[in-house]
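Heads up: the structure comes next, in structure tokens.
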Amino acid sequence: LLKEQILKFDRAAEFLATCASGDTEEAKMMLEEAKEMVHEDGVADLINCSNADGITALHQVSSSSSSGASQACIDGSLEIVTFLLEHGAKVNQVDSEGWTALHAASSCGHPDIAECGPPDNVHHPRTGATPLHVAAAKGYIEALK
């Protein structure tokens with residue numbers, strides 16, 4: 001007899017995957033559940049959760065490429081970025097490489113996403129580059145405007 005196995009994922013991993021898919025309705029439900037199960041801090045914890053590499057939902061969305069070949073499953077979805085920011089996503093939270101979501105958006109040529117957050121003066125710890133430097137180096141003129 002084969003026993004059916006049920007695979008369970010950590011709530012943070014589920015939230016990251018949901019945001020990467022661009023499903024704002026599911027993400028809203030997950031935030032409501034977090035608020036009910038924990039408290040208001042549970043929402044802040046979930047919205048800014050990260051994987052082992054420090055990649056948050058906002059990083060994933062901001063780093064998607066038009067070919068769909070990167071981590072995110074969506075094409076620079078402004079809707080999910082706006083949703084995350086409205087619910088307290090930290091624009092200046094860095095990943096394990098020292099990049100913020102705005103660095104990622106600038107690197108991938110998503111000026112509409114880069115404009116969502118406040119001016120980002122976070123410098124990469126090794127290179128000192130800001131998101132503006134990254135956009136300039138990649139030749140993304142629209143992101144520089």
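Looking at GLY76, GLY98, GLY117 in this structure, which one is at pLDDT 65 or above, assigned to a loop (DSSP other than H, G, I, E, B) and of a type outside the set (A, V, I, L, M)?
GLY98
Quick grid of which residues meet (1) farther than 17 Å from GLU14 by Cα; (2) modelled with pLDDT of 80 or more; (3) over 16 Å from the mean Cα position of the chain (by Cα):
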site	(1), (2), (3)
GLU32	no, yes, yes
LEU46	no, yes, no
SER70	yes, no, no
ASN92	yes, no, no
CYS108	yes, no, no
ALA129	yes, no, yes
ALA137	yes, no, yes
ILE141	yes, no, yes
LYS145	yes, no, yes
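The values are calculated or read from the model by the stated rules, or taken from the named source; none is laboratory data. These figures come from a predicted structure and were not determined experimentally.
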